[in-house]
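**Q** Could you have a look at this structure, given as structure tokens, before my questions?
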Amino acid sequence: MHLAYPAVLSSLLFCTGVYGVLARRNAILVLMSVELMLNAVNLNLVAFDVWLSRAAEETLHSGQALTLFTIAIAAAEIGIGLAIVLAVHRNRGTADIDKLRDTAEGPETERPDSSAAEKAEATA
Amino acid sequence: MTTTTLAVLVPLLPFLGAAAGLLLGRTAPGFVRPLAVLPPLAALVLAALVAVRQGGGQAITSHTELTPTGSVPIELALDIDGFAALVAVVVAFVATCVQIYSTGYLRDDPRYPSYAALVSLFTSAMLLVVYSGDLIVLLVGWEVMGICSYFLVGHYWETPEARAASLKAFLVTKLGDVPFLIGLFALGTDAGSFRITRVLGAVTSGGLDHPTVIALLLLAGVAGKSAQFPLHTWLPDAMAGPTPVSALIHAATMVAAGVYFIARLLPVFEASSAAMVVLAVMAAVTMAGSGVAALAQDDIKRVLAYSTIGQLGYMTGALAVGDRGAAVFHLMSHGAFKALLFLAAGVIIHAAGTNSLAAMSRMHGLRDRVPDAYWTMTVALLALAAIPPFSGFFSKESVLGAAEHAADGHTAHVPGVTGWIVLVAGLVTALLTAAYATRLWLLAFRGRGAEAPDHGRQPLTMTVVLWVLTIPSLAFGGFAYRSLPDWFDGRDLTPTLLTSILGTGLALVGGLLTYGAWQRTTALAARAPLGAVAAHPEGDAGLVEAEAIATHEPAYGDIAYAPDPADPGRLLLGPLHRHAAAGFHLDAVYTALFVRPVQAGASLVRFLDREVVDTYVRGAAALPRLLGAAVRRAQTGNVQTYVSALLAGTVVLAVAVLLVATGA
């Protein structure tokens, strides 16, 4: 199989992921898009590993090994990410990223203590 | 042990006692009292041993140089002549008495450990001044005394009077110490050495280039330390400290240091006749002014403070007529009876619950409450008024005799006019001294009115010390005046007939005048009720005294003055009374001359800092703040916006790298 096919597929996947991260409003969908980007990278790793190992005398298949690491880390990342989204949803009743703007720079920036108090109130 | 080792131990022991007291005061309170009393006592024994071995003969000198210090070497030097040996004995004796007395006086005071340690340090510094043969080492002791007096005068720092008095004592003495330091440097440079023996050698060989400037600069420091006009104002205010501290400062340490310093370096001063005239005028103004002021004070301790200033005036007067033997003789006898006066006054204040003479004069039978203080104070007042055969008579007559000798023009290096100035002022002061001593005695012990409060017997440690101090007040002068010339310059200290008759006669006149005035005014006392007593008369003496000082101003309107028509001083002084009570308004003059300009300068600096410098700083900060506000606008709180910006940046960078790599 020519290298072009998996490369094109992975770039398509990556672009879909980037679009999802930038454009989706639901936090869960954003996380899913992140997964898509990671998997695009995994695909690339496997494909290039196979392509490079054809010419080599002896190989450790480090690309495929790295893919396994990426999958494990992605699993952990999505677990934490979903837990955070769940907590935010319980707290705020929404998982809409556009509405989660606590770190925005407000017009009143001279009083850091009052905004800190507001934040404490919000998280309570 | 060699005499040198003994002499080194004399200042060292109280110093070690002070260090140990400061370190152990909190952890081992049981050791505080032995550590307070034993080192000065040991120093007294050793100082007496040193004096016996020295015997008034050749001066014991010893020196070692720790490290080379540049052009004019500074050495650890001992120089013990007859003056040093005897003055050290007096210092250690008074300090021991004060430490023993303090164990009773401040027995319930929570800050007693640090107090006792500071008294020991004070003693050690004075002994260092006395024994030191090097002017810079002497200066170390001199300045340590300054800081100790600051701490001790401010012992009752809860009261605003004590805080103000301690600051005033420190600042006024420092005002003299700065010229003193410059004078020492000039002296050392001119003489090529800081060793006292070499300096005196340089003076006799005419090696000093600027004797008048040096003498006047040194005189400023002496005026500050020895409370001479015009730097005497700290001493009456220093009465806000505990009474034993007053006794220590007035009798042995601090104020004696200045007189002792001139006595040591008298040839330097004699090299300039202008300095001698200035010294004489200073002494005369101090003597007469303080006598008048003492006659108008209401606080018993302030009377004694002004009397100290006057007696120090006698000593500087004796130095001005070139007789340092008479000066140190008076210093020693004054040390004994002034310590006794203060310590007895402490007992009286404790018993009466007030420090106001006006209140005491309305108490009946105070002398029966404190018979020890009554008898010892009577002796001390007689010594102060120079009535024969008490010790003050012999020492004061030796001063007057020296002045008469100089007035006749018989003394070398001394202009006759200084002799006349000192003689006249000394005779006037003899009258005034007797007058205020009589007034103090009559008002304190001959009061009429309500029965004096009974607080039981005074602690034994306090009364025993009074009797111990009575012995030198009674007999020191009479026994010592024949043998002392062997220790000093060999100048005769025997009272001369003419000045003795004049001085004693004037003293009697002063005493009788006051008695007559008191006879006339005492009837008024019943008509003008007056008096305030401490809130806790059962407390220890220190507490009673602190309360008495704190209540004097609210009760009588002034710290030094009481509106008492029954005061014989008021009748004697007439319209002068009001001004004399305020110390002739010298403090007001200082306020106008120094305090106000300094405060105005401070507010100017404050204005410049707040309004001018800060404006520049704020202006410089304005532009960054504006830019910051603009940049902050980008922070919308939407994570996707940030990621979009990140992506855009990455794309731009990638394109740029590609363009560079392809060489386009």
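The values are calculated or read from the model by the stated rules, or taken from the named source; none is laboratory data. On a predicted model such as this, the values are computed, not experimentally measured, just so you know. So basically every Cβ, Gly included, is an ideal-geometry build from the backbone, and we count neighbours across all protein chains shown.
**Q** Quick one: count up the residues across the range A:74-104 that are away from chain B (no Cβ under 12 Å), farther than 14 Å from A:Ile28 by Cα and surrounded by 12 or more Cβ atoms within 10 Å (Cβ to Cβ).
**A** Looking only at that region, the number is 2.
**Q** While we're on this one: What residue, among those in the range B:623-664 that are closer than 16 Å to A:Ile97 by Cβ and small (Gly, Ala, Ser), is farthest from the other protein chains (Cβ to nearest Cβ)?
**A** The selected residue is B:Ala645.
**Q** From B:Ala288, B:Ala294, B:Ala326, which residue is surrounded by fewer than 24 Cβ atoms within 10 Å (Cβ to Cβ), in the same structural domain as B:Ala383 (by TED's automatic domain parsing) and assigned to a helix (DSSP H, G or I)? Spell out how you get there, then give the answer.
**A** Details: B:Ala294 fails: surrounded by fewer than 24 Cβ atoms within 10 Å (Cβ to Cβ); B:Ala326 fails: surrounded by fewer than 24 Cβ atoms within 10 Å (Cβ to Cβ).
One residue alone meets the criteria, B:Ala288.
**Q** Turning to a different aspect of this structure: From the residues in the range B:181-220 that are touching a Pro at 6+ places or on another chain (Cβ under 9 Å) and closer than 21 Å to B:Gly70 by Cβ, which one is surrounded by the fewest Cβ atoms within 10 Å (Cβ to Cβ)?
**A** Only one residue tops the list, namely B:Asp190.
**Q** In addition: Test of understanding: among A:Glu121, A:Glu108, which residue is within 14 Å of chain B (Cβ to nearest Cβ), more than 20 Å from B:Ser644 (Cβ to Cβ) and either modelled with pLDDT under 90 or under 21 Å from the mean Cα position of the chain (by Cα) (or both)? Can you show your working first?
**A** Details: A:Glu121 fails: within 14 Å of chain B (Cβ to nearest Cβ).
Among A:Glu121, A:Glu108, only A:Glu108 is within 14 Å of chain B (Cβ to nearest Cβ), more than 20 Å from B:Ser644 (Cβ to Cβ) and either modelled with pLDDT under 90 or under 21 Å from the mean Cα position of the chain (by Cα) (or both).
**Q** Could you please find all residues in the range A:1-47 being over 20 Å from the mean Cα position of the chain (by Cα) and either within 14 Å of chain B (Cβ to nearest Cβ) or at pLDDT below 90 (or both)?
**A** Hits for the range A:1-47 are A:Met1, A:His2, A:Leu3.
**Q** Follow-up. For the structure I just gave you, tell me whether B:Leu604 is part of a helix (DSSP H, G or I), more than 11 Å from every other protein chain (Cβ to nearest Cβ) and closer than 28 Å to A:Tyr19 by Cβ.
**A** no
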